[in-house]
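Okay, so here's the structure we're looking at.
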Amino acid sequence: MTIRVPSARLGGLYGLYFAIVALSVGWFGPFFQSLGFSASEIGIAIGVLTGSKVVAPYLWGTLGDLVPNRLRIMQIGIIGSTFAAGLLLLDVDFVGLCLVLALFGVFWNAIIAQFDTLTLEYLGSDHHRYSSIRVWGSIGFILMMLASGWLFSGVEYAILPWLIIVGLVISVLISLTLPSRAATDSETSGAEGITKRLTNASVMLFLLVTALNQLTHGPMNVFFTLYVQSHGYTAFEAGQLWALGVLAEVVLFFVLPNFIRSIDLRLLLTFSLVFGSMRWILIGIYPDWPWLLVGLQLLHAFTFGAIHSVSIEFMRRWFPGKLSGRGMALYSGFVFGLGGSLGATLSGITWETLGGSMTFIASGILTGFTALVAWFGLKKAQLGVQSL
């Protein structure tokens, strides 16, 4: 039986998921600072949250590949995240904060990798339409960042956990309306197992490149709001800058499905990393130039949007069928987990020792090195034009 793709509901879930991401990356730093935690403590605590992605997604992904209905795994993740988010309302010390974020991460990190896999399963042969559904996540991020920037200009950060809880509850309700989609016999893994894929040099190098890119986003994801506020920007203006970057990402997600199968993805990946290097270095040197900052935020279309789209296509090509859940979870765990955790932790340390500007400049230098690795090291990574 063919199941019609529930595009609107999938788009709604992406929108809510990334609205919550907007609340976390945009305001966890100021929220935790308002509770009395230092920059290094904030970096470590958020590093614990992102670090839970190292193991949790793969465990959930393995389970998702084994159970008849992957949707149930995603629903468990959303429900567990809701209860864990409620613990943010408690008055805890630094260790308690790390434990709360670790628990939240165990469930929260079950969602997106399985959600991406489930979306690709719904799409089937129309997999190139992925970014046209994923784009609603970016739209949700923009709307929430603008709304929260306006809200926190006059309201204390204590309301932040409640906003997250409400978003998760609505997500639970929408997920319960999605049709089941069990795997078919044609979606088996074939002769090659997961181990052979994981030990392939191109796979390992690609994961390294994308993990390093995520690591260099650490200063942005943890401290960008505080950084621009320290240079005279208001909370609302910080929210607008966040939203502008993701708006550029939205445009790219709308356009990319028309070209994803007809362009050299290694070239797109390399150019995106070069843009990332420029972005971080110039943010570090010229934070007081508003119009330059606006232009640099537009590069988010490449530094995240294009690189994420290339990554999803890479994982689809290398981890088909019954390997898809574990493959997507591996990507989420290694890139957003390990890379994101190290990025958050290291940025917290360098922020206190070197300052904000030097932290961004260091990220830019590392991103430039990563671009060289991508261009010269991924020639055999199956990133070329794919025949229809």
### Task
Report, by residue number, each residue of the stretch 226-252 that is among the β-branched types (Val, Ile, Thr) and modelled with pLDDT under 90.
Thr234, Val246, Val250, Val251
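Would you mention how many residues in the stretch 357-383 are outside any helix (DSSP H, G or I) and either without any contact (Cβ under 8 Å) to a residue 40 or more places away in the chain or among the acidic types (Asp, Glu) (or both)?
Of the residues in the stretch 357-383, 0 are outside any helix (DSSP H, G or I) and either without any contact (Cβ under 8 Å) to a residue 40 or more places away in the chain or among the acidic types (Asp, Glu) (or both).
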### Query
Picking from Gly245, Gly239, which residue would you name as being without any contact (Cβ under 8 Å) to a residue 60 or more places away in the chain and surrounded by 24 or more Cβ atoms within 10 Å (Cβ to Cβ)?
Gly245
### Query
In the stretch 133-161, which residues are within 16 Å of Pro30 (Cβ to Cβ), in a helix (DSSP H, G or I) and not aliphatic (A, V, I, L, M)?
Ser148, Gly149, Trp150, Tyr157, Pro161
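Residues being farther than 11 Å from Gly305 by Cα and in a helix (DSSP H, G or I): count how many of those fall in the stretch 229-252. Please lay out each step first, then the result.
Of the residues in the stretch 229-252, the ones farther than 11 Å from Gly305 by Cα are 229-244.
When the remaining residues are screened for being in a helix (DSSP H, G or I), the result is 229-230, 235-244.
Total satisfying the criteria: 12.
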#### Entry: Residue satisfying all of: in the stretch 253-271; farther than 26 Å from Phe369 by Cα and either of a type in the set (D, E, K, R) or part of a loop (DSSP other than H, G, I, E, B) (or both); modelled with the highest pLDDT among these
Ser262
### Query
For Gly137, are the conditions met, namely being closer than 29 Å to Arg317 by Cα and either in contact with a strand residue (DSSP E or B) (Cβ under 8 Å, 6 or more places away or on another chain) or surrounded by 18 or more Cβ atoms within 10 Å (Cβ to Cβ) (or both)?
yes
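Output the residues belonging to the stretch 272-317 that are part of a loop (DSSP other than H, G, I, E, B) and more than 21 Å from the chain's Cα centre (by Cα).
If the condition is that a residue be part of a loop (DSSP other than H, G, I, E, B) and more than 21 Å from the chain's Cα centre (by Cα), then Tyr286, Pro287, Asp288, Trp289 are the ones that fit.
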### Number of positions in the stretch 306-364 that are among the hydroxyl-bearing types (Ser, Thr, Tyr) and touching a Ser or Thr at 6+ places or on another chain (Cβ under 8 Å)
9
#### Entry: Selection count, the stretch 25-47, where residues are surrounded by fewer than 20 Cβ atoms within 10 Å (Cβ to Cβ) and modelled with pLDDT of 85 or more
8
### Query
In the stretch 285-302, is there at least one residue being more than 19 Å from Val25 (Cβ to Cβ), touching a helix residue (DSSP H, G or I) at 6+ places or on another chain (Cβ under 6 Å) and not polar (S, T, N, Q)?
yes
#### Entry: helices (runs of 4 or more DSSP H) enclosed by the stretch 1-118 - at least 1 residues per element that are within 23 Å of Ile194 (Cβ to Cβ)
39-51, 56-66, 70-86, 94-108
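The values are calculated or read from the model by the stated rules, or taken from the named source; none is laboratory data. Note that the structure is predicted; figures quoted are calculated from it, not measured. Reconstructed Cβ throughout: ideal geometry from the backbone, glycine too, with neighbour counts over all protein chains shown.
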